[in-house]
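Where a number appears in this text, it was derived from the coordinates with a stated rule and is not lab data. Computed from a predicted structure; not experimentally measured. Here Cβ is always computed from backbone atoms with ideal geometry, including for glycine, and neighbour counts include all displayed protein chains.
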Amino acid sequence: MPTNSLPCITHIVINEKFLHYVVIHKIIEKEIIIADNAKSIVKYTF
């Protein structure tokens, strides 16, 4: 994803049944920073 497209709203599915939206703020190499209204600001690695 081009970084000039960020932030962006993303639709996700949790546990194969819960529909949820998060905001992707930044993607750096193998990290993604997400604003999740259920969890606050979260950093994931992949």
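A count restricted to the range 32-43 and to residues that are touching a strand residue (DSSP E or B) at 6+ places or on another chain (Cβ under 8 Å), assigned to a strand (DSSP E or B) and either of a type in the set (Gly, Ala, Ser) or surrounded by fewer than 10 Cβ atoms within 10 Å (Cβ to Cβ) (or both) stands at 1. On the basis of being without any contact (Cβ under 8 Å) to a residue 60 or more places away in the chain, of a type outside the set (Phe, Trp, Tyr) and on the phi > 0 side of the Ramachandran plot, does Asn15 make the cut? Answer is yes for this residue. Within the range 1-24, the set of residues being part of a loop (DSSP other than H, G, I, E, B) and surrounded by fewer than 12 Cβ atoms within 10 Å (Cβ to Cβ) comprises Met1, Pro2, Asn15, Glu16, Lys17. Residues that are within 13 Å of the chain's Cα centre (by Cα) and not β-branched (Val, Ile, Thr) within the range 6-29 comprise Leu6, Pro7, Cys8, His11, His20, Tyr21, His25, Lys26, listed in sequence order. Ile27 - would you say it is surrounded by 12 or more Cβ atoms within 10 Å (Cβ to Cβ) and out of contact with any strand residue (DSSP E or B) (no Cβ under 6 Å at 6 or more places or on another chain)? It is true that Ile27 is surrounded by 12 or more Cβ atoms within 10 Å (Cβ to Cβ) and out of contact with any strand residue (DSSP E or B) (no Cβ under 6 Å at 6 or more places or on another chain).
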